[in-house]
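The values are calculated or read from the model by the stated rules, or taken from the named source; none is laboratory data. Note that the coordinates shown come from a computational prediction; the quantities given were computed from them, not determined experimentally. A quick note on method: Cβ atoms are made from the backbone with ideal geometry, for glycine too, and the neighbour counts reach across all protein chains shown.
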Amino acid sequence: MALKRLTRQRKAVLEVVQRAHHHPDAAWIYQEVRKLVPRVSLATVYRTLEALVAEGHLVPITRAGEATRYDAHLHPHLHLICEGCGAIVDLEPTLPDLMTPAQQAHPELEVRSVEVTYRGLCPRCKAALKG
């Protein structure tokens, strides 16, 4: 999927999120983008993130009471949210078709996406509990 307007800022934001392995929030992305584009503003980073989500280049991960995090991995996958440290870990199991049964059960609705989130402990927090 090509970027609509490939500005220096937009390219930098997308590259930073794609290189991150921890589903970063806007504040972290801003700090990293400033290393590439020193004069970028936080507002520009927020607008760029919104545009990249709208264009389908990023997926937002929202949790009540917490900053939105961003995922550049667009293939179907699940997440585990660590209850110890808050890390978001990608899971790659075979996914069942969850949209079709929902759409069939409620044809008056338009199901656009499905989110499944596991909660538990990442390997570091699990090891810390045992230690």
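Do the conditions hold for Lys130, that is, is it among the charged types (D, E, K, R) and surrounded by 13 or more Cβ atoms within 10 Å (Cβ to Cβ)? Walk me through it before giving the result.
Working: among the charged types (D, E, K, R): yes; surrounded by 13 or more Cβ atoms within 10 Å (Cβ to Cβ): no.
Judged against the criteria, Lys130 is not a match.
Looking at the structure I just gave you, is Ala87 of a type in the set (A, V, I, L, M), in contact with a Cys (Cβ under 6 Å, 6 or more places away or on another chain) and modelled with pLDDT of 85 or more? Spell out how you get there, then give the answer.
Values: of a type in the set (A, V, I, L, M): yes; in contact with a Cys (Cβ under 6 Å, 6 or more places away or on another chain): yes; modelled with pLDDT of 85 or more: yes.
So Ala87 fits the description; yes.
Condition first: closer than 20 Å to Thr117 by Cα and touching a Lys or Arg at 6+ places or on another chain (Cβ under 6 Å). Can you find one or more residues in the stretch 10-21 that meet it?
no
Suppose we keep only residues that are part of a loop (DSSP other than H, G, I, E, B) and charged (D, E, K, R) within the stretch 38-81. Which one would you say is surrounded by the most Cβ atoms within 10 Å (Cβ to Cβ)?
Taking the stretch 38-81 as the starting set, the residues that turn out to be part of a loop (DSSP other than H, G, I, E, B) are 38-41, 55-58, 62-68, 72-77.
Applying the additional criterion that residues be charged (D, E, K, R) yields 39, 55, 63, 66.
Details: Arg39: 7, Glu55: 15, Arg63: 12, Glu66: 11.
Looking at the filtered set, the residue picked out is Glu55.
Among residues belonging to the stretch 82-122 that are within 16 Å of the chain's Cα centre (by Cα) and of a type in the set (Ser, Thr, Tyr), point out the one that is surrounded by the fewest Cβ atoms within 10 Å (Cβ to Cβ).
Looking at residues that are within 16 Å of the chain's Cα centre (by Cα) and of a type in the set (Ser, Thr, Tyr), I get Ser113.
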